[in-house]
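Below is one structure, written out as structure tokens; comments come after it.
The values are calculated or read from the model by the stated rules, or taken from the named source; none is laboratory data. Small disclaimer: the values here were computed from a predicted structure and weren't measured. As a convention, Cβ positions derive from the backbone with ideal geometry for all residues, glycine included, and neighbour counts pool all protein chains shown. Remember, those area values only see protein heavy atoms, side chains included, never the ligands or the DNA or RNA. Shrake-Rupley method; radii C 1.70, N 1.55, O 1.52, S 1.80 Å.
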Amino acid sequence: MPYNICMVSDFFYPNVGGVESHLYQLSQRLSQRGHKVIIVTHSYGQRTGVRYLTNGLKVYYVPTMIIYSSATFPNLYGFFPIFRNIVIRENIDIVHGHGAFSSLCHEAILHGRTMGLKACFTDHSLFGFADASSILTNKLLKFTLSDIDHVICVSHTSKENTVLRAALSPRHVSVIPNAVVASQFLPDPTAADPNFITIVVISRLVYRKGMDLLVAIIPRICAMHPKVKFIIGGDGPKRIDLEQMREKHLLHDRVELIGSVPHHDVRNVLIQGHIFLNTSLTEAFCIAIVEAACAGQGLYSFFSRLSGPNTVINFLPYRLLVVSTKVGGVPEVLPRHMINYAKPEEDDLVIAVSKAIHMIRYEVVKPATFNDELKDKYSWKNVAERTEKVYDLISMTQNSPLIERLRRYYGCGLYAGKIFCMVIALDYLFWIFLEIVFPRDTIERAQRFPYKKYQTFEYSKRCELSTTTDSKKDI
């Protein structure tokens, strides 16, 4: 049964990241399976209003205030009128929110449940329980997920974390991992610099991604291994620390900071390296190491100073070795033969990276069909099929009456429960007000994008282009 689905998150293109990629790829695959999918996110600069992406994917860029790192300022009731208009206009059946940090996600689930829609939530992150930020976020998550039809997590570690944080029943939580388009990360053995062993880091330059560890280990590794250099892609508040470290230790020729990397250029950076390094302190599912493993397969030329500065010793089988901190859901992502683990400690990371350098420098690494293995293991088609089963499951459930919703929220805490009940009651009254002032009948319904006709047209154009090219070659 085809559904009309509304994906909601603060994080989407043109911003770059794992959640953004997940939203786009999942929406495309669900559209291919016959569902109508729209995305609601906040505006990015001048990108406001309705935009169409590949295959007619409609994106609503809602004008809201951004407070930090693409996260919007909570605007509980101010977002309701425009969200209601979008939902009615697009005939939405299911609201699917992404990201515990996303205010739009929490608000959309709350308003969607008030309007009687099915709601689903995907958690992409891990949180602690001790610091003030985690305590507040966990209480907000418990509030949102008190009235949710189903929750999806990207790893089993993430599932355990979410169940504990939101006091959920494990039966209402499914695990559906991220995926990768392996064809976009084909290896190129000629791209790596044969005179150096290159270590690639592509990440947001924030504390959570272990940038303090990276700042500490780079000078030590460069001192131990003169023929090693770093390429660091990404941007964030920790970039200034990396620049200061490079300045202090005079490593301008061995540490290259290339800034933010668009997703379509990630492969071009990965294939320049021999080692991919991930130093995250917490990670639910690290899609970057999957992309790195896909890009690492082929041959590289190994040069040695012992036989002259430009003398080729041999053609050795090449793979992009992955070195990562063993945290969160990372051990679930790659098979053991594709990755080297380290504790999130400075000394252990130095040992693990040095081991990888020696493996490349002295050992013949057997060529591995990593790309083919991961193409079958992490497929967006499979993710879409499993997500569709979740939609089938929640579509068969009955909507809870208001009194039952209030009972669930009341159990969120001695004082918080009463506040949450007041919020829900006011949200319900505001919805009734909007139904009276702006009746549903006055909202124009949007036309469905002719996806199948578009696909047929694209296929015919490609056939014509191929025929024309072949005819020119014959001439």
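Once you mark the GluC sites (Glu not before Pro) that are in a DSSP loop and have at most 16 other Cβ atoms within 10 Å, what is the longest gap between them in the chain? Here the longest segment lacking exposed loop sites spans 1-344.
Give me the angle, in degrees from 0 to 90, between the Cα long axis of helix 18-32 and the longest principal axis of the Cα atoms of the chain, rounded to the nearest 10. That helix lies at roughly 70 degrees to the long axis. Across 5 Å bins from 0, what is the distribution of all Cα-Cα pair distances for the stretch 195-299, in whole percents? Over the stretch 195-299, the share of Cα pairs per 5 Å bin runs 2, 12, 24, 26, 21, 11, 3, 0 percent. Normalising the Debye intensity of the chain to I(0), with uniform scatterers on Cα atoms only, and taking log10 at q = 0.10, 0.14 Å⁻¹ returns -0.82, -1.35.
Farthest towards the positive end of the charge dipole of the chain, among the residues VAL62, SER9, TRP380, is the Cα of TRP380, using unit charges on the Cβ of Lys, Arg, Asp and Glu. Relative to the longest principal axis of the C-alpha atoms of the chain, give the angle of the C-alpha long axis of helix 132-145, reported between 0 and 90° and rounded to the nearest 10°. Around 50 degrees separate the two axes.
With protein chains left intact and a 1.4 Å probe, residues in the chain average 47 Å² of accessible area per residue. When all protein chains stay in place and ligands, DNA and RNA are ignored, the 1.4 Å accessible-area order of LYS377, LYS118, largest first, is LYS377, LYS118. Shown in residue order for the stretch 328-342 are the 3J(HN,Hα) couplings computed by the Karplus curve 6.51 cos²θ - 1.76 cosθ + 1.60 at θ = phi - 60°: x, x, 4, x, 7, 7, 10, x, 4, 6, 9, 8, 10, 9, 8 Hz (x for Gly and Pro). On the chain, 58 percent of the accessible area sits on carbon and sulfur atoms, based on a 1.4 Å probe.
Size descriptors for the stretch 35-111, from the alpha-carbon set: Rg then Dmax equal 12.1, 33 Å. Per residue, the Cα convex hull of the stretch 42-177 amounts to 125 Å³.
The dipole here belongs to the stretch 19-96: it is taken about the Cα centre, uses +1 on the Cβ of Lys and Arg and -1 on the Cβ of Asp and Glu, and is about 200 debye.
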